[in-house]
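Peer 1: After the structure tokens below, expect a handful of questions from me.
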Amino acid sequence: MADHRPCTARNETPLERADRNFGELLQELRVTQTGVQILFAFLLTLAFTQRFPSLDTFQRATYVTTLLFAVLAAALFTAPAALHRSLFQRGAKARIVQVSSRLATVGMGVLVLAFTGSVLLVVDVTTGRAGGLAAGSATLLVCLGLWGLLPRLVLRAGRAEEHTAARAQSQPAPGPTEREVIRPRATVRPGASPREPSPRLR
């Protein structure tokens, strides 16, 4: 009975929340799987090119490692669908969402390594070892900054704004310190000359 009571600010039950979270997770996985599929196809065709036999030991090791990272990322991103299919209609939707979220997080980390290895390999073959290492390091830093550091900065900025708003609401509005005395203006009758100010007011 507890699973059917509203428990969130959106007035949804735990089951409804789990369904929504799993749907949002699947949308994220569709975006990442596209990149993994393109990278995996590129790495598979690379082994059948004419220049592949001329690669040195370092380049071959980089290729094999990157290919394995791409396969592992694809497996991690498709695991939530297989998990949902295996536990379908068994009352484990909340657990499926938790495990799938962790699988997606690990898959993002592995995908960073696959991107880094692929850029390292291509630039190393085209320009040289120094350029490949520099390009691979830059790719790693960019992915870590956008996928790891940026969400933390956004979360910290949101918390700071909420703290500032809550602090502003908790402070009472400042009251008037001095009373303003409004003196009525003297009306001048039509045709009458205005009075001269008395010597006391001069």
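Here, each number is a calculation from the coordinates, and none is a lab measurement. Keep in mind that what you see is a predicted model, and the values were worked out from it rather than measured. Ideal geometry is used to build each Cβ from the backbone, glycine not excepted, and the neighbour counts take in all protein chains shown.
Peer 1: Highest mean first, how do 25-32, 39-46 rank when packing is the count of other Cβ atoms within 10 Å averaged over residues?
Peer 2: 39-46, 25-32
Peer 1: Let me ask another. State to the nearest 20 debye the size of the charge dipole of segment 2-140 about its Cα centre, where the only charges are +1 on K and R beta carbons and -1 on D and E beta carbons.
Peer 2: Dipole size: approximately 280 debye.
Peer 1: ³J(HN,Hα) across segment 140-154 via Karplus (A = 6.51, B = -1.76, C = 1.60, θ = phi - 60°), whole Hz, x for Gly/Pro?
Peer 2: Coupling constants for segment 140-154: 5, 5, 5, 5, 5, x, 7, 8, x, 7, 4, x, 5, 5, 5 Hz.
Peer 1: Per the Kirkwood definition applied to all pairs of different Cα atoms, how many angstroms is the hydrodynamic radius of segment 2-140?
Peer 2: 17.1 Å is the Kirkwood radius here.
Peer 1: Okay, next question. So how do 117-126, 147-156 stack up, highest first, on mean other-Cβ count within 10 Å?
Peer 2: 117-126, 147-156
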